[in-house]
Protein chains: 2
Amino acid sequence: MSATARVPQEERTRAMRQRLMEATVDLLVEKGFSGTTTTLVSERAGVSRGAQLHHFPTKNDLVVAAVAHLTEIRGSDLEAAVARLPEGSGRIEAVVQMLGDHFASPVFTAALELWVAARTDATLHEAVAPLEQRVGRETHRLTVELLGADESVPGVRELVQATLDLVRGLGLANTLGDDARRRRRILKEWSRSLESALARDEKEKP
Amino acid sequence: MSATARVPQEERTRAMRQRLMEATVDLLVEKGFSGTTTTLVSERAGVSRGAQLHHFPTKNDLVVAAVAHLTEIRGSDLEAAVARLPEGSGRIEAVVQMLGDHFASPVFTAALELWVAARTDATLHEAVAPLEQRVGRETHRLTVELLGADESVPGVRELVQATLDLVRGLGLANTLGDDARRRRRILKEWSRSLESALARDEKEKP
């Protein structure tokens with residue numbers, strides 16, 4: 001096969017995999033983990049069962065790949081949003097609100113379905129745990145960078161973690177029909193506290 | 001039927017309902033929502049299918065009643081733990097750590113299974129939403145009381161909500177294999193910030 005013929009084939013494969021993964025995330029959000037079947041995914045993506053099974057032999061392969069893929073896209077979106085953040089006053093709140101929106105997205109809902117299913121499914125757990133760890137580390141690293149926080153200062157690491165656990169809790173509340181206004185008010189107040197706490201820890205630095 | 005004959009019958013019924021509800025919560029924790037079948041529940045509780053169907057005609061009736069029942073028990077446990085909380089210095093952290101433990105309990109895991117299933121099941125959602133609202137209001141009220149927080153002061157209500165959303169986020173992380181040491185460190189640091197923020201808001205009171 002010549003190089004020119006191979007490229008379009010690779011592109012078609014890539015596009016097909018992407019359609020499968022996007023259909024999977026949509027179905028996880030709409031129908032939950034147990035309602036997401038490989039048959040529904042291939043129908044929704046417009047991909048033959050044979051082709052789907054070739055790329056993703058099991059439902060677990062599909063859901064883990066889909067959530068990993070969409071998490072990466074959301075991660076890039078987050079990095080892009082960073083360029084629009086204000087510097088100086090207001091930056092901490094802007095970062096915190098951006099994280100709050102991030103954890104209220106459909107990708108969080110899809111990931112939640114995956115986590116909860118993985119809790120009682122050992123095979124799925126084995127695949128989801130490394131993804132969850134990698135995403136957790138990446139989000140933590142990005143948050144530290146965005147806040148301009150110095151983790152060598154005692155207490156700072158915990159404040160960053162608390163912020164991420166808070167937006168995770170708000171993300172969970174959001175899937176149960178919570179509203180964005182409540183989230184914004186809470187995160188505004190937490191940003192004030194975080195700002196003082198980071199300044200206080202910096203001052204107390206040994 | 002005489003009064004003396006009726007009392008033991010009522011007690012047997014109550015004990016049977018309780019066994020059914022406890023078996024349901026255990027199964028939600030062990031096998032998740034989709035793995036919890038009414039057949040498994042009646043086996044686990046040692047109750048006949050007929051008696052079970054008489055008290056809880058559908059799986060939804062059973063899971064909602066079970067989580068409501070266990071939430072009430074946990075609520076009483078929480079109220080009882082209050083008596084052992086220190087007054088003065090250290091109280092805020094003691095309250096926050098107690099809430100953290102509360103949201104890391106198996107009842108939280110069972111409730112999480114219910115919430116996530118209810119997200120994509122309209123019938124279950126209709127039953128779960130009022131329970132979730134009632135429990136949310138109760139926990140909020142108790143937290144305000146325990147912290148001795150004055151919600152007429154601007155910002156205080158949001159700080160109490162943030163604390164509850166944080167322990168919910170930590171509860172979710174806990175179901176994915178998080179550890180208690182991490183939680184304690186985060187909540188210790190959170191408590192310090194909460195203490196300063198409550199004092200600051202009080203001072204800024206209009």
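The values are calculated or read from the model by the stated rules, or taken from the named source; none is laboratory data. Every value quoted in this text rests on a predicted model; they were computed, and no experiment measured them. Neighbour counts run over all protein chains shown; Cβ positions are idealised from the backbone, glycine included.
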### Query
Considering the range B:118-148 alone, what residues qualify as being closer than 18 Å to B:V167 by Cα and surrounded by 14 or more Cβ atoms within 10 Å (Cβ to Cβ)?
B:E132, B:V135, B:G136, B:E138, B:T139, B:H140, B:L142, B:T143, B:V144, B:L146, B:L147
### Task
Kindly indicate whether any position in the range B:31-47 is assigned to a helix (DSSP H, G or I), hydrophobic (A, V, I, L, M, F, W, C), touching a helix residue (DSSP H, G or I) at 6+ places or on another chain (Cβ under 9 Å) and closer than 15 Å to B:T109 by Cα.
yes
### Task
Output the number of the condition that A:G177 fails; it satisfies all remaining conditions of (1) in a helix (DSSP H, G or I); (2) closer than 30 Å to A:L28 by Cβ.
(1)
### Query
Which ones in the range A:24-42 are surrounded by 23 or more Cβ atoms within 10 Å (Cβ to Cβ) and farther than 14 Å from A:E113 by Cα?
A:V41
### Verdict on B:V29 being closer than 30 Å to B:R185 by Cβ, within 13 Å of chain A (Cβ to nearest Cβ) and not small (G, A, S)
yes
### Task
Could you please find all residues in the range B:117-127 being over 11 Å from B:L28 (Cβ atoms), within 8 Å of chain A (Cβ to nearest Cβ) and assigned to a helix (DSSP H, G or I)?
B:A118, B:R119
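Could you list all residues from the range B:103-116 that are in a helix (DSSP H, G or I), more than 8 Å from chain A (Cβ to nearest Cβ) and not aliphatic (A, V, I, L, M)?
Initial filter on the range B:103-116 (in a helix (DSSP H, G or I)): B:106-116.
Then keep just the ones that are more than 8 Å from chain A (Cβ to nearest Cβ); that gives B:106-108, B:110-111, B:114.
Those that are in a helix (DSSP H, G or I), more than 8 Å from chain A (Cβ to nearest Cβ) and not aliphatic (A, V, I, L, M): B:P106, B:F108.
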### Query
Among (1) more than 13 Å from chain B (Cβ to nearest Cβ); (2) assigned to a helix (DSSP H, G or I); (3) free of Cβ contacts under 8 Å to residues at least 60 places away in the same chain; (4) farther than 20 Å from A:L187 by Cα, where does A:M98 come up short?
(4)
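Of everything in the range A:196-206 that's in a helix (DSSP H, G or I) and more than 10 Å from every other protein chain (Cβ to nearest Cβ), which residue is farthest from the chain's Cα centre (by Cα)? If you could, list the steps in order and put the result at the bottom.
Going residue by residue through the range A:196-206, those that are in a helix (DSSP H, G or I) are A:196-203.
Now narrow it down to the ones that are more than 10 Å from every other protein chain (Cβ to nearest Cβ): A:199, A:202-203.
Values: A:A199: 29, A:E202: 30, A:K203: 33 Å.
Selected residue: A:K203.
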### Message
Need pairs with beta-carbon distance below 9 Å; first residue closer than 22 Å to B:D121 by Cα and within the range A:6-33, second at pLDDT 95 or above and loosely packed, with under 13 Cβ neighbours inside 10 Å; sequence gap 6+ or separate chains.
### Response
A:A23/A:G46; A:L27/A:T37; A:K31/A:T37
### Query
Given the structure, is A:G90 under 24 Å from A:L159 (Cβ atoms), among the small types (G, A, S) and within 13 Å of the chain's Cα centre (by Cα)?
no
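Kindly indicate which of B:A173, B:A180 is under 30 Å from B:V116 (Cβ atoms) and more than 7 Å from every other protein chain (Cβ to nearest Cβ).
None of the others qualify; the one that does is B:A180.
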### Failed condition for B:G75, given (1) of a type outside the set (A, V, I, L, M, F, W, C); (2) assigned to a helix (DSSP H, G or I); (3) more than 24 Å from B:L112 (Cβ to Cβ)
(3)
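Condition check ((1) modelled with pLDDT under 95; (2) within 14 Å of chain A (Cβ to nearest Cβ); (3) in contact with a Lys or Arg (Cβ under 7 Å, 6 or more places away or on another chain); (4) buried (at least 16 other Cβ atoms within 10 Å of the Cβ)) across all residues:
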residue: B:R6; (1), (2), (3), (4): yes, no, no, no
residue: B:R12; (1), (2), (3), (4): yes, no, no, no
residue: B:Q18; (1), (2), (3), (4): yes, no, no, no
residue: B:E22; (1), (2), (3), (4): yes, no, no, yes
residue: B:R44; (1), (2), (3), (4): no, no, no, yes
residue: B:V47; (1), (2), (3), (4): no, no, yes, yes
residue: B:A66; (1), (2), (3), (4): yes, no, no, yes
### Message
in a helix (DSSP H, G or I) and of a type outside the set (F, W, Y): is that true of B:R19 in this structure?
### Response
yes
### Message
Restricting to the range B:128-165, give me the number of residues that are within 12 Å of chain A (Cβ to nearest Cβ), touching a Ser or Thr at 6+ places or on another chain (Cβ under 9 Å), of a type in the set (A, V, I, L, M, F, W, C) and in contact (Cβ under 8 Å) with a residue 12 or more places away in the chain.
### Response
5
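Does at least one position in the range A:182-191 carry a residue that is out of contact with any helix residue (DSSP H, G or I) (no Cβ under 7 Å at 6 or more places or on another chain) and within 21 Å of A:A104 (Cα to Cα)? Quick ask: steps written out before the conclusion?
Restricting attention to the range A:182-191, the residues satisfying the condition of being out of contact with any helix residue (DSSP H, G or I) (no Cβ under 7 Å at 6 or more places or on another chain) are A:182.
Adding the requirement that they be within 21 Å of A:A104 (Cα to Cα) leaves A:182.
Yes.
Specify which of the listed residues (B:V167, B:V144) is of a type in the set (V, I, T) and closer than 29 Å to A:E202 by Cβ.
Going through B:V167, B:V144 in turn, the sole match is B:V167.
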